[in-house]
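Peer 1: I am attaching a structure below and will ask some questions about it afterwards.
The values are calculated or read from the model by the stated rules, or taken from the named source; none is laboratory data. These numbers were taken from a predicted model, which means no experiment stands behind them. Cβ placement follows ideal geometry from the backbone for every residue including glycine, while neighbour counts extend to all protein chains displayed. We work out accessible area using only protein heavy atoms, side chains counted, and drop any ligands, DNA or RNA first. Shrake-Rupley method; radii C 1.70, N 1.55, O 1.52, S 1.80 Å.
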Amino acid sequence: MTNYIALIRRDIDGVYSVAFPDFPGCIAEAQTLDAARRRAAHALATHLDDLDLTGEGLPEPTPIDRVMGNPENREAMAFLMPVAGVARHAVQVNITLPEGVLDRIDAFTRQHNTNRSAFLTRAAMHAMRECGRHG
């Protein structure tokens, strides 16, 4: 299991924000510390899914002394966010779809400069996240 450093800060309005130095732009905010940590875990999982879809590898975790040595991070509290099962690989599958649905998927992927596999993976991940929130 790999651990990445998360930095949590509390602003003057009492809102907690969590950022990941190894994943710029991956952030979460909440009114409570526990909610911020939960949202951070979800944000990181979503970010890693996106990296997986694009085929980008994961960076080596930055050492804590280097992260905290950055003057911008000195006021933050650091904690480790475990990431399990990130060494995934693609598996080819055969599926059956209605022709009209496939035509719409192909049109969408051409318009958005992506491909069927990436589209279907994102759609599946989105559906599972939504079911997890509502089910």
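Peer 1: What residue among Thr114, Thr96, Thr46 shows peak mean-square fluctuation when the chain is described by a Gaussian network model with Cα springs under 10 Å?
Peer 2: Checking each option, the largest mean-square fluctuation is seen for Thr96.
Peer 1: A further question on this structure: What relative contact order, as a whole-number percentage, does the chain give when Cα pairs under 8 Å and 6 or more residues apart are counted?
Peer 2: It rounds to 26 percent for the chain.
Peer 1: Excluding Glu29 itself, what net charge comes from residues whose Cβ is under 14 Å from its Cβ, given Lys and Arg +1 and Asp and Glu -1?
Peer 2: Charge balance near Glu29 sits at +2.
Peer 1: From a point 7 Å beyond the Cα of Asn3 in the direction of its Cβ, which residues of region 38-77 have a backbone N at a distance under 14 Å?
Peer 2: Label zone hits: 61-65.
Peer 1: Mind sorting out which of (1) 18.2, 56; (2) 20.9, 76; (3) 15.2, 47 is the real Rg and Dmax of the Cα atoms in Å computed from the coordinates?
Peer 2: Entry (1).
Peer 1: Angle check, please: helix 99-111 long axis (alpha carbons) against the longest principal axis of the chain (alpha carbons), in degrees 0 to 90, nearest 10.
Peer 2: Rounded to the nearest ten degrees, it is 50.
Peer 1: Convert each backbone phi in region 119-125 into a coupling constant with the Karplus relation 6.51 cos²θ - 1.76 cosθ + 1.60 (shift: θ = phi - 60°), then list the ³J(HN,Hα) values in order as whole Hz, x for Gly and Pro.
Peer 2: So the J values, rounded to whole Hz, are 4, 5, 5, 4, 4, 5, 5.
Peer 1: Accessible area of the chain with a 1.4 Å probe: how many percent of it is carbon plus sulfur?
Peer 2: C and S atoms contribute 53 percent here.
Peer 1: GNM on the chain, C-alpha springs below 10 Å: top fluctuator among Gly100, Gly57, Gly14?
Peer 2: So, out of Gly100, Gly57, Gly14, the one fluctuating most is Gly100.
Peer 1: In the chain, which longest range has no GluC sites (Glu not before Pro) that are both DSSP loop (not H, G, I, E or B) and surrounded by at most 11 other Cβ atoms within 10 Å?
Peer 2: The segment 76-135 is the longest one with no such site.
Peer 1: For the chain, with only Lys/Arg (+1) and Asp/Glu (-1) charged at the beta-carbon, what is the dipole magnitude about the Cα centre, in debye rounded to 20?
Peer 2: Rounded to the nearest 20 debye, it is 240 debye.
Peer 1: Roughly speaking, what is the stretch gain from Arg110 to Val83, that is 0.36 nm per residue apart minus the C-alpha to C-alpha distance, in nm to one decimal?
Peer 2: Numbers: separation 27, 0.36 × 27 = 9.72 nm, distance 3.26 nm.
Working it through step by step, the gained length comes to 6.5 nm.
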